[in-house]
1. In terms of modelled amide H atoms, which long-range or inter-chain residues lie less than 5 Å from the amide H of Y275?
2. Using 7 Å Cα-to-Cβ label points, what is the T340/V61 separation (nm, one decimal)?
3. For the range 258-375, max minus min Cα coordinate along each principal axis, in Å, sorted largest first?
4. Does the range 73-179 come out rounded, prolate or oblate by the C-alpha gyration tensor, with a ≥ b ≥ c the root eigenvalues, rounded set by a/c under 1.5 and, if not, prolate when a/b is larger than b/c and oblate if not?
5. Of all trypsin sites (Lys or Arg not before Pro) in the range 39-113, which ones are in loop regions per DSSP and have a Cβ with at most 16 other Cβ atoms within 10 Å?
6. What's the center-to-center distance, using Cα atoms, between the range 67-85 and the range 250-305 in Å?
7. Below 8 Å between Cα atoms, with a sequence gap of 6+, how large is the relative contact order for the range 61-202 in percent?
8. Rounded, prolate or oblate: which one fits the range 77-120, using the alpha carbon gyration tensor with axes a ≥ b ≥ c (rounded when a/c is under 1.5, else prolate when a/b beats b/c, else oblate)?
Amino acid sequence: MVVPSTTPARQETATLLLPQAQPSPGGGAIPTVDMSAPRGRGALSRQVARACAEQGFFRAVNHGVPPAGPPARLDAATSAFFALAAHDKQRAGPPSPLGYGCRSIGFNGDVGELEYLLLHANPAAVAHRASSIDTNDPSRFSSVVNEYVEAVKQLACDILDLLGEGLGLEDPRLFSKLVTEADSDSLLRINHYPPSCTVHKLDHDDQCKLKGIARTKAGNGANPGAGGRIGFGEHSDPQLLSLLRANDVDGLQVLLPDVNGKDAWIQVPADSSAYFVNVGDLLQALTNGRLVSIRHRVIASACRPRLSTIYFAAPPLHARISALPEMVTASSPRRYRSFTWAEYKTAMYSLRLSHSRLDLFHVDDDESGNGSKGK
Ligand SMILES: C=C1C[C@]23C[C@@]1(O)CC[C@H]2[C@@]12CC[C@H](O)[C@@](C)(C(=O)O1)[C@H]2[C@@H]3C(=O)O
Ligand SMILES: O=C(O)CCC(=O)C(=O)O
Ligand SMILES: [Fe+2]
């Protein structure tokens, strides 16, 4: 049973010139999961699996990561980084795809009203990157990031194990094993959205020192309306599972069916003590569509900066992603052909942010009858 959120939705997006997002009706659309398992582990695993199947998204509370511990230390370190002068921040970039980025997202012309750090979650990679992020004390920066990654990876693996149990998998640890592999390709992303009410006063092109990228252009898929301020455009996350923590500034929206079954953008009320968990494309493929990779975006509409940190739990590059046998049945034939995470990443980097990239791997209808088929 999914516990409905009781937090009243805020109305900040009401001022936007974008298609209106709906406040979560009574908080009902966004499930809240109490990770302390007050009704036992079986009930918790069913609740997590249900939320990931119905919404692909939930708010995790009582998750065991103390907000004043690793999250607070990471926020302090990353806020200090974003407060640096533009030329100091650029030492950590450009995002290729890892590094420091400002406004430009990916390689295909997407832009948003943000700057970010994109790091590989592997300790050696963090240590390497830290020397260009915190020139005064790189080892302090890497230990703060590694401590955070350890905590959030543990939480991600707990959730993946609950999913394995809730789905009744033969090996309930199968998902988490992909993430605990030494060569897992998990990422950590820290997004910093400047206060939107001052955006018009800032010359962002100058701030970011980005040549050739004009302010958000209409028609690039990131700006659906004149005057709209997209922080991070509509997309699904490609990996297995994403765990997002942000300060108390609203902005995240998720695309969920409304009461009439029509997709509508739902505002996710900020909660700095919670983790927002979303299913990624790989988990959708492994479960043959049983779990859904939810589309989401960030609208920059607040007068305070939004700072968010997302851990993207991913398998190693060579991992083969193929629907699990127990997820393929006569009534639910194989939906996607098999691929490696490396192949999926190659496709994803060639596409725009909003692309439904899993569609590229959809099997033809005449292929789908046989559960053992796949490339
Ligand atoms: C436009 C792009 C940015 C992105 C790679 C991509 O080509 C399509 C997926 C994008 C995304 C969304 C979720 C994560 O923020 C991200 C790091 C990821 O793995 O896929 C970004 C990529 C990125 O910013 O490099
Ligand atoms: O910054 C946020 O709150 C969400 C950003 C996001 O969805 C992403 O980086 O993939
Ligand atoms: Fe995302």
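1. For Y275, the qualifying residues are A60.
2. Going by the 7 Å Cα→Cβ label model, 4.4 nm.
3. 53, 38, 27
4. Cα axes put the range 73-179 in the prolate bin.
5. Loop-located and lightly packed - R39.
6. Here the two parts' Cα centres lie 24 Å apart.
7. Relative CO of the range 61-202 lands at 24 percent.
8. Because a/c hits 1.5 or more and a/b exceeds b/c, the range 77-120 counts as prolate.
Bear in mind these aren't lab numbers, they're just calculated from the coordinates by the rules spelled out. Quick caveat: nothing in here was measured; it's all calculated off a predicted structure. Virtual Cβ from ideal backbone geometry, glycine too; neighbours counted across all protein chains shown.
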